[in-house]
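Structure, as C-alpha cells:
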Amino acid sequence: MNGTLEIASPAAPTFPRGRQLLDDARLNRDTAFTESERDALGLRGLLPCRVFSIEEQVALEIEHLRRKNDALEKYIGLESLRDRNETLYFRVLVEHLEELMPIVYTPTVGQACQSFSHIIRRPHGLWITPDDQDRIPDLLRNASPHDIRLIVVTDNERILGLGDQGAGGMGIPRGKIALYCAGAGLRPEHCLPISLDVGTDNHTLLQDPMYCGYRRQRLRGAAYERFIDQFVEAVIKVFPGAVLQWEDFHKDLAFKNLQRYRHRLPSFNDDIQGTSAVAAAGIINALKVIETPLAEHRILFAGAGAAGIGIARLIRMLMESSNVPADIVRGAQAFMDTKGLVHHARTDLSADKREFAMKPDILANWDILNPDEITFEQMVEQFRPTILVGVSAQAGLFTERIIREMARHVDRPVIFALSNPNSKCECKPEDAIRWTDGRAIVATGSPFPNVNHNGKEIVIGQGNNAFIFPGLGLGAILSEAHEIDDRMLLAAAKTLALCTTRARLATGSLYPSQQELRDISFHVACAVMREARDAGYGRLLADDEIERTARDGMWFPDYVPIPETAL
Ligand code: NAD
C-alpha cells in the first residue's frame, strides 16, 4: 500500500465493541465476524451463530437486490448497505460493477436526486450554505478526521440533464465517490462529497414542504464568486493534498471555475474534461473500426455546453498532436445550440462557443442564404458530418430524417447520443441502427440494451465518464500532481481506447465492459502519472515505479485481520 493513501489503523485506542461496533459502518462486518472476534469484541449473542465469508455475504446482498423490481428501491437498498457495512457495500459493487453502475450512477441516481428530500435516510458528505461562508474551514474539519485526498463538489445547478436539483444534487458526488472507490480503489475515508447548497431556482423544490435544502433563490454574481473563492481557499488550507473534481455546475460557471482555479489546486471538471476524454476514446475506436484517419472526419455537435465544448477542445488537441493540417482542424467541428448554428456573425456567443464558431470562408461554400436560419437537417446536408455528437439533453433530437440524411453521405455514420439519463437521449440506438440499415456505429451516455439487427446482436457501448475520472483522480493523487493538465486527459483517452479489445470492437461497442473498470482505472492512472511526470506536474517516478505505485495504491474491499491490540 502506498504511503500516501494509508489510513489510520483501526487499532486506535477507541476501537469500538459490541453494538457500537456493529453500528460503525466502516468497521462492521455483520455475520463475518469470526468466533474469536465475537468473543474478544463483545459480539457474542448479538449475531446469528453461523459465520459467513464475505463471498457468501456478497451473494446474499445480490439476492436481496435482485428481488427488488424498482431501480430506485435498489438504490435505497444499496445506500442502506453502505450505511451498515461499507466494506461489504464496496465488495458487492466491485464484483457486480456492470449490473450496479446504472443503480449507483446514471440513470437511477438521477431519480434519486429528483426525490432526494423524500428518500433521504442518513445524511452524508458535507453541506455548505452561504450562511457558512465565514466558517468553511471549520465545516471541512467537521467533515472528516482523515486525510481527505479527493473531493467531488457540486453546486447542484445542472444535475445530469435534469437541471437544478437543489440539495438533491448531493446524490451525484456521492455516486461518483462510490465509483472512485469501487472502480479505482480509493479508500472511502479519503474521499469527501460536498454540496455547495447555494439555494435553488427550482420552484417545485422551493414549494415542497419536505425540501431539505437551503430554501432561497440561488446565490449569483459577485456574492457567488466570493463564496466559491472562500470555499477553494478553505480546501487548500484544510486538505492541502486533495484533488478537487468540479461536478454538475451550470456551463458558464463550470468553465469559469475551472479556468480560475485549475492552477490554484489540482482540479478538473468532469463534465468538461472527463467527458472529453471518454468521447475522444470512443472516436479513436470508431476510426479503428472504419479504418480512416481523423483528418478525414467532420464532427457535428448538437449542444454547445460544457460537454460539447470540452469534447471539441480535446479532439482539436488530438488532431494537432496527430499533425492534421491547421486548415482542416479549424473546419472539422461544428456546433448547433438552441439558437441554431454557432457561427462567426452571431453576437450572442460566449467566449467558449466563439472558439468553435463556423468561419465565413467555410460558410461561403455552402448552399445557404442565411446561417442564422439553417436547420439541423440542412446542417447535416451541408456540413456532411461523419460523426454526430448529441450533448443537448433533448430527447429525440436526432430524428429519422436527420439520421437518414447523414447516412446518405457516409458509409458508417458514427453517432454518439450522449445525453443522460436515458429519457434525454437524442435517439434510441435501435432506431439509429434501423434507419441506417445497420451501418451506424452507436454509443450512448446512459446504458441501453443490445440491439438485434437482422439476426446480429450489436452491443451498445456506454461512454460512461467512469472509464476516466476514477483513474484520472487516482493518478493525480498518487503522482502528487499540483495541476491537472489537458495532456493528462488526452493520455487517459488514448489509454481507454487501447483498453477496448478488437474482439469487443467487433461486437459493435466502442467501449470496454464496465466489469473491467478496475483494470482500466489502473492503466488510466499509470498514463496520467507518466504524463504528470513528463509535464513537470508530478513526482519523478520511473515507469516501473509508476505501475507498482498504482497497483499498491488501489484498495480492494475485504475484511483485513483486526489488529491484536484491539482484541
Ligand atoms: P449544458 O447545459 O452545459 O449544455 C447543453 C447544450 O445543449 C447547450 O449548449 C444548449 O444550448 C444545447 N441545446 C439545448 N437544446 C438544444 C437543441 N434543441 N438543439 C441543439 N442544442 C441544444 O449541458 P452539458 O454539461 O453539456 O450536458 C449535456 C448533456 O450531455 C446532458 O444530458 C449530460 O447528462 C450529457 N453528458 C453525457 C456525458 C457522457 O455520456 N459521458 C458526459 C457529460 C454530459
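Values quoted throughout were computed directly from the atomic coordinates according to the rules given, and no laboratory measurement underlies them. Computed from a predicted model, the values in this text were never measured in an experiment. Don't worry about glycine lacking a Cβ; one is built from the backbone with ideal geometry, like all the others, and counts go over all protein chains shown.
Numbers for the structure displayed
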| item | result |
| --- | --- |
| Charge-dipole axis of the chain as Lys and Arg at +1 and Asp and Glu at -1 on Cβ define it, positive-most pick from 76, 560, 379 | 379 |
| Computed [θ] at 222 nm, helices only, for the chain once each DSSP H run of length n ≥ 4 contributes -39500 (n - 2.57) | -13000 deg cm²/dmol |
| Volume per residue of the C-alpha convex hull in the range 147-207, rounded to whole Å³ | 77 Å³ |
| Hydrodynamic radius by Kirkwood, which averages 1/r over all alpha carbon pairs of the range 90-163, in angstrom | 15.0 Å |
| Alpha-carbon centroids, the range 534-549 and the range 453-477: separation in whole Å | 25 Å |
| Unit charges on C-beta of K, R, D, E only; dipole of the range 512-567, Debye | 160 debye |
| Estimated dipole of the chain in Debye, rounded to 20 [Cβ of Lys and Arg +1, of Asp and Glu -1, Cα centre] | 280 debye |
| Surface/4 estimate of mean projected area, convex hull on alpha-carbon atoms of the range 376-427, nm² | 3.1 nm² |
| The range 132-171-the range 30-98 distance, computed between alpha-carbon centres (Å) | 28 Å |
| Where Rh is the Kirkwood radius over Cα pairs, Rg/Rh for the range 4-115 | 1.02 |
| Alpha carbon Rg of the range 54-213, scaled by the compact-globule rule 2.2 N^0.38 Å | 1.05 |
| Computed Kirkwood radius, in angstrom, where 1/r is averaged over Cα pairs of the range 145-286 | 15.9 Å |
| Assigned charges on the beta-carbon of Lys, Arg, Asp, Glu; the range 252-389 dipole about Cα centre (debye) | 600 debye |
| Given the chain, longest segment not containing exposed loop GluC sites (Glu not before Pro) (DSSP; at most 12 other Cβ within 10 Å) | 7-290 |
| Hydrodynamic radius of the range 184-262 per Kirkwood, over alpha carbon pairs, in Å | 14.6 Å |
| Virtual spin-label span in nm between residue 203 and residue 456, 7 Å along Cα→Cβ | 5.1 nm |
| Two-decimal log10 I(q)/I(0) for the chain, as the Debye equation yields it once each C-alpha is a single scatterer, q = 0.09, 0.12 Å⁻¹ | -0.69, -1.21 |
| Among 521, 541, 510 the positive-end extreme of the charge dipole of the range 487-564 (Cβ point charges) | 510 |
| Calculated over the range 315-366: convex hull of Cα atoms, volume per residue (Å³) | 81 Å³ |
| Debye intensity ratio I(q)/I(0), log10, the range 288-377, q values 0.13, 0.20, 0.22, 0.23 Å⁻¹ (C-alpha model) | -0.44, -1.00, -1.17, -1.25 |
| Once the Cα gyration tensor of the range 460-539 is diagonalised, semi-axes √(5λ) in Å | 25, 11, 9 |
| Reference-scaled alpha-carbon Rg (2.2 N^0.38 Å with N residues) for the range 242-356 | 1.11 |
| Loop-located trypsin sites (Lys or Arg not before Pro) in the range 312-358 whose Cβ has at most 16 other Cβ within 10 Å (DSSP) | 339 |
| The range 396-471, Cα convex hull volume normalised per residue, Å³ | 91 Å³ |
| Selected from 306, 279, 295, residue furthest toward positive end of dipole (the range 256-309; charges at beta carbon) | 306 |
